[in-house]
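**Q** I'd like to ask you about the structure that follows.
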Amino acid sequence: MASNPDIKQKNVPIGIYRANITPIERLIKTNVGRQELLDDLIEKLERNAKKRGGQHYLFIGPRGIGKTHFLTLVENAVEVSGKLQNLYTVIRFPEENNRILSFADLLLGMIDILAEKDVDGDWRNLHQSLAEAERDEEIIDAILPKLKRYRKETGRTLLLMLENLDTLFTQQLKKEQDIHRLRSFLMDSPCTALIGTSPVYFPGLYSNKSPFYDFFSISPLENLSEDETAELIRKNLEWEGRDDILQNFDDFLPKIHALHTMTGGNPRLNVLLYELIAHDNLLDVKVQFQKLLDQISPFYQDRLKELAPQERALLEIIALMRDTPRTPAAIAGKLRMKPQQASSLLKRMTDAGYLTVAENPMDKRSRIYCIKEGFFDLWLAMSESRLHRRRLSYLTQFFERYYRDRQER
């Protein structure tokens, strides 16, 4: 397929798992389905910058929904806005914050990041003097006043960006004292605002005994709609200068809609499968499809790790029920659970966006459950069953949608 020779300078790989690969210009130009949420957050940041114990924000959505991408857009918006530059200093931690095991560790990390922006070296000297301190109190007593003084002297609030708050709160900050110290730091001082992300709702958010109960302004990040998926593909084609495809873009819409069905509108999967549209390299259907499922294995393995054992078992059972109606009664039987227990589990996973539910066409009195993302469904079936790895007949529906013309099929 011919391509525009002028696209070479733009033909930079798209980052699938690492935030720093995709150029920020491309992230901005190809942003879809998040602008309204971004504008709303920027407006709130402007409004709340000077408030003591101001608002703190949490964005929740499963792996691949675009949480890291969204934080990058927020960080860029703050750093390019003259007004926000004067109101905030961004302190963005890496996506995996494995070294934060206490409130003192968090403060050390903050000044370590500030040291990268400091021309005088004061933050670096402070970090070096405290990096090996044995007592948390020594670190806290030295850093907290310094951070508060920074806010007073510069007039800028520290905009703290932390991902995977679920892991931080449930696995890393083991001492209740550290959780309370963090809450007090965020509530009692005007020097810091927190923007966090999490793939799931965790007990600290909904347990009324938790220090962080009703603490955050929570916003879910939703999957893309069918139209937004098409817009995402179109914008990436425009970025790469693929006029050869864009001039016949409507002819590709059935393929895009088929991909949307299989990904459930998950942005990371749509970007991962963008190659199907841009380069249409499905030559040997079976081999290529297996390669695609292999490519997305790390993504789905991470998704499964986030779930409780019963939730993982439920998804695998549903994926393997290829020839059996996926009714609550049938699922309960496969799981060897009481119907009421299975129904509660099904509702929780539906509310979390992993499952969809519809009326059973064979029996109007019952419901049918399906895994929301078609690729996730197929990946589970092929990973858990040798039979399904050999028998790919159930892919027919997808390829009938992907290849509209019989000769193409």
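The values are calculated or read from the model by the stated rules, or taken from the named source; none is laboratory data. Quick caveat: nothing in here was measured; it's all calculated off a predicted structure. All Cβ positions, even for glycine, are placed from backbone atoms using ideal geometry, and neighbour counts span all protein chains on display. Ligands, DNA and RNA are stripped out before the accessible areas are found, and what is left, the full protein with its side chains, is counted by its heavy atoms. Shrake-Rupley method; radii C 1.70, N 1.55, O 1.52, S 1.80 Å.
**Q** Would you work out if region 61-128 is rounded, prolate or oblate? Take a ≥ b ≥ c from the square roots of the eigenvalues of the alpha-carbon gyration tensor; rounded if a/c is under 1.5, else prolate when a/b is larger than b/c, oblate otherwise.
**A** Oblate, because a/c is 1.5 or more while a/b does not exceed b/c.
**Q** Evaluate the Kirkwood expression for the hydrodynamic radius of region 343-385, namely the inverse of the mean inverse distance over all pairs of different C-alpha atoms, and round to one decimal in Å.
**A** 11.4 Å
**Q** Which value, in Å² rounded to 10, gives the accessible area of residue 206 with a 1.4 Å probe and all protein chains present?
**A** 140 Å²
**Q** Moving on to the next point. Please quote Rg/Rh for region 119-185 to two decimal places, taking the Kirkwood radius as Rh and restricting both calculations to Cα atoms.
**A** With Rh from the inverse mean 1/r over Cα pairs, Rg/Rh is 0.99.
**Q** Charges only on Cβ, +1 for Lys and Arg, -1 for Asp and Glu: so what's the dipole of region 48-151 about the Cα centre, in debye to the nearest 20?
**A** Result for region 48-151 is approximately 760 debye, rounded to the nearest 20.
**Q** Any idea what the alpha-carbon Rg over 2.2 N^0.38 Å comes to for region 124-281?
**A** 1.54
**Q** Rg/Rh for region 137-225: what does it come to with C-alpha atoms and Rh from Kirkwood?
**A** Taking Rg over the Kirkwood Rh, I get 1.01.
**Q** With a 1.4 Å probe and all protein chains kept in place, how much accessible area does residue 271 have, in Å² rounded to the nearest 10?
**A** Around 30 Å² of this residue is reachable by solvent.
**Q** If you average 1/r over every pair of different alpha-carbon atoms in region 183-252 and take one over that average, what Kirkwood value in Å do you get?
**A** 16.3 Å
**Q** How many percent of all Cα-Cα pairs in region 24-158 sit more than 27 Å apart?
**A** Everything past 27 Å amounts to 28 percent.
**Q** Leaving ligands, DNA and RNA out of it, work out the accessible area of residue 117 with a 1.4 Å probe and give it in Å² to the nearest 10.
**A** For residue 117, the solvent-accessible surface is approximately 100 Å².
**Q** Just to compare against my own numbers: the Cα pair-distance distribution for region 218-260, 10 Å bins, whole % per bin, please.
**A** Answer for region 218-260: a P(r) of 28, 48, 18, 6, 0 percent.
**Q** If I stretch the segment between residue 338 and residue 174 completely, what's the gain in nm (0.36 nm per residue apart, minus their alpha carbon distance), one decimal?
**A** Here the segment from residue 338 to residue 174 would lengthen by 55.6 nm.
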